[in-house]
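Undergrad: Input: one structure, supplied below.
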Amino acid sequence: MSPRQRLSPADRRAQLLAVGARMFAARPYEDVLMDDVAQQAGVSRALLYRYFPSKHALFAAVYQQAADRLLAETKLDPADSLVAQLVQGMDIHLDYFVANRHAVLAANRVLAGDPVIQTIMTGELDALR
């Protein structure tokens, strides 16, 4: 367990998201326990639940952060050809999918019908279109 340290709310949230992202990438959704996330982050369960009231909420925040990052890294430059934009965007997304297989499978299988996850996916697809 990491030593506990006082962080600003924004830094603590970022830390919890980073730990959650690592855990959801490394393990199937069902195998990620909030107790383990808290332990890895060096915080109490109560503090973790103050930021994220459920594993679903943590996953949704991790997935939203990933979608935002993927959009930021995808170059949508009208000066580039459509093919060049498509290839670059696909490369960015495929690299994420390979590195975060469990998170991608969770979003597309375990939580496939979840309205929050679907909204994140739809928002990203709308931005890419």
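The values are calculated or read from the model by the stated rules, or taken from the named source; none is laboratory data. Fair warning: this is a prediction, and the values are worked out from it, not measured in the lab. When we count neighbours, we look across all protein chains shown, and the Cβ atoms used for this are built from the backbone with ideal geometry, even at glycine. Note: accessible area is taken over every heavy atom of the protein model, side chains too, but ligands, DNA and RNA are not part of it. Shrake-Rupley method; radii C 1.70, N 1.55, O 1.52, S 1.80 Å.
Table: residues versus (1) more than 18 Å from Arg69 (Cα to Cα); (2) open to solvent by less than 40 Å² (accessible area, probe 1.4 Å); (3) out of contact with any Lys or Arg (no Cβ under 7 Å at 6 or more places or on another chain).
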position: Asp95; (1), (2), (3): no, no, yes
position: Val98; (1), (2), (3): no, no, yes
position: Val110; (1), (2), (3): yes, no, yes
position: Met121; (1), (2), (3): no, yes, yes
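Undergrad: If you check every pair at least six apart or on different chains, which have Cβ atoms under 7 Å apart with a residue in the range 64-89 that is over 24 Å from Leu111 (Cα atoms) and open to solvent by 80 Å² or more (accessible area, probe 1.4 Å) first and a residue that is assigned to a loop (DSSP other than H, G, I, E, B) and modelled with pLDDT under 90 second?
TA: From residues that are over 24 Å from Leu111 (Cα atoms) and open to solvent by 80 Å² or more (accessible area, probe 1.4 Å), there are no pairs.
Undergrad: Got a sec? Which of Tyr49, Tyr96 is among the aromatic types (Phe, Trp, Tyr) and either farther than 30 Å from Gln5 by Cα or touching a Phe, Trp or Tyr at 6+ places or on another chain (Cβ under 9 Å) (or both)?
TA: The unique qualifying residue is Tyr96.
Undergrad: OK, next. Among the residues of the range 52-77, write down those that are under 9 Å from the mean Cα position of the chain (by Cα) and among the polar types (S, T, N, Q).
TA: Gln64, Gln65
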